[in-house]
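Worksheet: one structure, shown below.
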Amino acid sequence: MTDLFSKFDDIIEMRRALLASGVEDPFSLVMERVLSPTVAVCNGRETILVGTYNYMGMTFDPDVIAAGKEALDLYGSGTTGSRVLNGTYSGHREVEQALREFYAMDHAMVFSTGYQANLGIISTIAGKGDYIVLDIDSHASIWDGCKLGDAEVVPFKHNDIEAMEKRLKRIPEDAGKLVILEGVYSMMGDIAPLKEMIAIAKANGAMVLVDEAHSMGFIGPNGRGVAEDQGVLDQVDFVIGTFSKSVGTVGGFCVSNHPKFEVMRLVCRPYVFTASLPPSVVATAATSIRKLMHGHNKRQHLWENSRTLHAGIKALGFKLGTQTPQSAIIAVIMPDLERGAAMWEALLHEGLYVNLARPPATPANMTLLRCSLCAEHTADQVERIIGIFERAGKAAGII
Amino acid sequence: MDRSEVDTSIRALIESFNKKGMDISDATRFTDDLEFDSLTVMDFVAAIEDEFDIIISMNLQAEIETYGQLVDAVVKLLG
């Protein structure tokens, strides 16, 4: 008998070797108590969180929590059904209405996760014979959506406008074309030149889908994302987003002005063949989205945090993923996985949690310590974070 | 363009990616013999696409394991 698990032997060995060096397991961290959006007790230590996607700090907002509790009492713990059968409660309609207002778009469709939103929309609209042109650094959910849908998949070098244009021009003129971009690329925290890319996509007859998971609530005058910030949101055919970042719960969505968009509810399998979100989740999401519409001050403070942390870590001599702060993600590039894991552990021992990102999730096989900031981080916390990076970086021999 | 012309062009292109200086035959495998990682594959594919003004989609790449299969695929795409 061939052991079907033998294909994972390399990964098992990499993990064994890493743990054999004595480092605390970076992939088994437990949050024992969560004290606020920015502080938790992890593995027994009180820890500043700078590796969550809780950008706008909505998880402990009193109105959000009250809405969730009320929905639990009124509607119960779960729907036990698909959106197209018994799984659409008034809360699901309300959160879709909140999304339409947030984005000022005609249609909104909510999925059970952000992963399923990309999987469902991409695989359903781009099928056999169609072409998908996408950035090579796209998220796993985008790649999986491409694979599920059977379209011809044509990647281009990250953020390379010319490479994208060349490929679009080589596609047969009468073929269906979908260009897939992200507003913020989550590994390095860099943004896409959406204005230029979308203009080229449109000039070549392509529809455009933009994943704004890491920009919602924060980037753009109304927090609608990078496309809004660059003044091209009206050119985007489909915006994909998530409730698991700035919104502060779980779920995914697509908003669109396409006149036939509602047919998606009948033909999109990752929407149909799964249970809908629990009533408490959609109630917290709707409340949070409505509050994010008025989050101007929080957005300002989050930008301040991002600028301060980027400048502070750069001044210490670390290598960063971007020359300037472009989002709430600041990626610190480590020389290799061993030293990255050692540095990660040193930070944790000092009371700081960041994301350790490693291949294959990272571009160019890099090991990254990814800091993602929250609007609820105080200026004092940001200074402490910089101080911890200095001590840990020296202890790990990286600066 | 016939097969030998395509072969000559791709041989010239592969030089800068053939870090180990291996002799390349039709049976040479990109992953197992030349040890191309995903980034190298992307850059190499882009170079061939630009040289011949074609698209080698991920779907087609998945069917190509050897140098000979690549040359055949490019010949076919050029019609």
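Please treat every number below as a calculation from the coordinates, not as lab data. These numbers were taken from a predicted model, which means no experiment stands behind them. Virtual Cβ from ideal backbone geometry, glycine too; neighbours counted across all protein chains shown.
Okay, here's what the table says:
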| item | result |
| --- | --- |
| Using θ = phi - 60° and Karplus 6.51 cos²θ - 1.76 cosθ + 1.60, couplings along segment A:69-83 (whole Hz; Gly, Pro as x) | 5, 5, 5, 4, 5, 7, 10, x, 7, x, 8, 6, x, 6, 4 |
| Proximal aspartates and glutamates relative to residue A:169, as straight alpha-carbon distance under 15 Å, when same-chain residues fewer than 8 apart are discounted | A:130, A:152, A:160, B:49, B:50, B:51, B:53 |
| For segment A:62-292: rounded, prolate or oblate by the Cα gyration tensor [a/c cutoff 1.5] | prolate |
| In segment A:261-343, the chymotrypsin sites (Phe, Trp or Tyr not before Pro) that fall in loop regions by DSSP, at most 12 other Cβ within 10 Å | A:273 |
| Candidates A:137, A:61, A:73: whichever shows maximal mean-square fluctuation once chain A is modelled as a Gaussian network with Cα springs under 10 Å | A:73 |
| 222 nm mean residue ellipticity, helices alone, for chain A (DSSP H n ≥ 4; -39,500 (n - 2.57); rounded to 500) | -12000 deg cm²/dmol |
| Whole-number percent relative contact order across segment A:165-288, with pairs defined as alpha carbons under 8 Å at least 6 apart | 18 |
| Gaussian network model of chain A, Cα within-10 Å springs - most flexible of A:174, A:336, A:106 | A:174 |
| Straight-distance crosslink candidates among aspartates and glutamates, where the alpha carbon sits under 12 Å from residue A:298 and sequence neighbours closer than 8 are dropped | A:376 |
| Label point distance in nm, residue A:349-residue A:97, each placed 7 Å from Cα along Cα→Cβ | 5.5 |
| Separation in nanometres of the label points that stand 7 Å from Cα toward Cβ, at residue A:7 and residue A:257 | 4.4 |
| Residue exposure sequence - A:23, A:153 - by fewest surrounding Cβ within 10 Å | A:23, A:153 |
| Across A:157/A:291; A:166/A:260; A:69/A:260; A:245/B:19, pairs whose alpha-carbon gap is larger than 32 Å | A:157/A:291; A:69/A:260; A:245/B:19 |
| Candidates A:214, A:158, A:92: whichever shows maximal mean-square fluctuation once chain A is modelled as a Gaussian network with Cα springs under 10 Å | A:158 |
| Pairwise label distance in nanometres, residue A:272 with residue A:85, each label 7 Å out on the Cα-Cβ vector | 1.3 |
| Reciprocal of mean inverse Cα separation for the protein assembly as shown (Kirkwood radius, Å) | 24.1 |
| Space enclosed by the convex hull of the alpha-carbon atoms of segment A:205-334, per residue, Å³ | 160 |
| Relative contact order (percent, whole number), segment A:62-292, Cα cutoff 8 Å, 6+ residue spacing | 32 |
